[in-house]
Structure formats: structure tokens, C-alpha cells
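Okay, so here's the structure we're looking at.
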Amino acid sequence: MNVLTVDLEDIYDSLLSKNVAPNSYNVSKRVKQLLDVFAHNGIKATFFVVGAFALRNEELVYEISKHYDIGSHGYSHDLAGKMTAAEFEKDLQQSLKTLSDITKKDIVKYRSPGFSLCKREYIDILAKNGIETDCSLSAMKHSFGQKVLSSAVPCRLECENNKIIKELPPCIVRFAGMNIGFNGGGYLRTLPYGLIKRNMNANDYNLVYIHPYDFETNQPKTGNRTFVRRIKSRAGVKTMQTKLNKLIRDFEFTDVATAVEQIDWQKTKIISI
């Protein structure tokens, strides 16, 4: 099973580009190019949408929601670990209301920015606010998030009041004694396609995540991003479209909604964070 997800945000929403001046660049052109590729190849995908982006691009998000699965990527795209529980819940609720108002759909899926969701209290908040499926927890340490899971396979999260959230984590590969990602974001942009393909073929479950600006070769140079962050945000963008084309050629993809229906959840582990 190969699940394709898109984190829908502007480049100045990105954690690597938070200091880029707002309105200096709009990623909607790249979004529309992605939609054309998906439509041409009959690709299903889930779009995790930043609420503030949706408010700035209501027509675009509504059109996407007519054909694709939608989840929340928070409202402000701030790290969950840097918010209090009250701030996290307010941000979540604002994103859910914004997306629901625009798409006219119930939003029951969530991914935290930077895979930064790592506290049981915040997972309980997701369940309390109607989230049924999460794609935030990781079996490796990210630049902005912690290692939470022991393995990168679907599982169920135990929540208060006997509620359960279904979890679809990003995938990892063991390399040089470490767990690293290989099929999302900067990992997908920079690693050789042969390595990505080999590891995807070795897994029964893969979750791929991309951002529209992963394909942008003309990123804005405004703002005061550090040298390292500029390198991280730009590395591999020139070959990203080719990699996506190869992925679509070599693998069949579905969205989170379909994956949730196909997984036998009774055979997955129940995890208590």
C-alpha cells in the first residue's frame, strides 16, 4: 500500500522559510501543476492544508476538495511542541472551522507541522475535536519533531474516554546505524531515486509526503533565512519533478481515506504515548 499526501502551504509557511516575507511568492502555480499531473495519471492523494493558506486561497482549496481527500495541517503551521495545550487546541479548532467552512466537509484527518506532535495531552485534544486519523507521529527524530513510535507502520493511538485515533506514520530506513526518512520532503528531494524505489519495494506500507515548493526552482531570496535553511529548502528541487514522474510510473498510490478503509485495524498495535 502506497499512500500519497501533500502538505499544502506557501513557502513562507514552511518551517525552513518562516522568515521569508509574506506575499513575496505564492505557490498556487505549483499546486495547479501538481493537480494536472494527478488528474492526468488518475492519482489519489490527501491534501493536509494549512488553515491560513486556505483562507488566502479559498477558491483553490475548494476546487481541490471537490476531487481530493482533505486534512488539517494546523492553522498557523507552528510547531505543536512550542504551543501550550490551550494554544494547540485553539490553532486546531481554527483550522478545522476554516477548512470545513471552505470545503463544506467534516475534517477528520490531521498532520502536525514538522511531525512535532509528541504529547499524549495533544493527541487527546485531537480526539476531543473529532480527528479520527493522524499522520504526525514518527519512528525517527526530525529537525522539528521527536521519535515517538518504535516502528513506522500503521497503529492505533489510545486516547482518553476510550477513544482511538488511527495513525499512519511516515516511513524510515536504517542507514549507518540511524533511522532516516527516505520518501518525503527533503529526504525525497535529495536521496537517489534508486534508493527510494528499493526501500519502497521492500515495504508493504509506504507513506509519501510532498510540498508544492519542493518543485520550485525559483524560490524567493527575501527574508533572513540562515544559510543552512536556504540549502535545505532548495536542495534537490531541480530533479523533484522527475522523481515524482518515476514514482507515479513505478507505484500505484492511494489517499489516506482509502488506506484507512483497506487496513485491518484489528491487527494493528494499540499505542499509548
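Coordinate-derived values only; no laboratory data. Just so it is clear, the structure is predicted and the values come from calculations on it, not from any experiment. Heads up, the Cβs are rebuilt from the backbone with ideal geometry, glycines too, and the neighbour counts pull from every protein chain shown.
Overview of values
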| item | result |
| --- | --- |
| Amide hydrogen neighbours beyond the local backbone of LEU191, cut-off 5 Å, H modeled | none |
| Histogram of C-alpha separations across segment 46-105, 10 Å bin width, % | 26, 53, 18, 2 |
| Burial ordering of SER76, SER112, fewest other beta-carbon atoms within 10 Å first | SER76, SER112 |
| Theoretical FRET efficiency, 1/(1+(r/R0)^6), r = Cβ-Cβ of THR84 and GLN146, R0 22 Å, to 0.05 | 0.80 |
| Gained length - LYS104 relative to ASN161, 0.36 nm times residue gap less alpha-carbon distance | 17.7 nm |
| ARG56-THR258 pseudo-label distance in nm [points 7 Å out on the Cα-to-Cβ vector] | 3.1 |
| Set LYS105/LYS128; LYS32/LYS141; LYS166/LYS269; LYS44/LYS97; LYS147/LYS269 screened for pairs whose C-alpha atoms are more than 22 Å apart | LYS32/LYS141; LYS44/LYS97 |
| Table column - 3J(HN,Hα) (Hz), segment 261-272, Karplus curve with 6.51, -1.76, 1.60, x for Gly and Pro | 6, 8, 6, 7, 5, 5, 9, 8, 6, 9, 10, 10 |
| Amide H partners (placed H, <5 Å) of ILE271, local residues excluded | ARG156, LEU157, GLU158 |
| Order of ARG249, ARG111, ARG198 - criterion: other Cβ atoms within 10 Å of each residue's Cβ, fewest first | ARG249, ARG198, ARG111 |
| Relative contact order [Cα under 8 Å, 6+ residues apart], segment 170-213, whole percent | 42 |
| Long pairs among LYS109/LYS238; LYS82/LYS238; LYS66/LYS104, criterion Cα-Cα beyond 21 Å | LYS109/LYS238; LYS82/LYS238 |
| Full-extension gain in nm, GLN241 to GLU121, via 0.36 nm per residue minus C-alpha separation | 39.3 nm |
| Kirkwood-based shape ratio for segment 65-172, expressed as Rg/Rh from alpha carbons | 0.94 |
| Exposure proxy ranking, count of Cβ atoms within 10 Å, fewest first, for ILE64, ILE248, ILE172 | ILE248, ILE172, ILE64 |
| Under 5 Å, built H, 5+ apart or other chain: amide partners of SER136 | SER112, LEU168 |
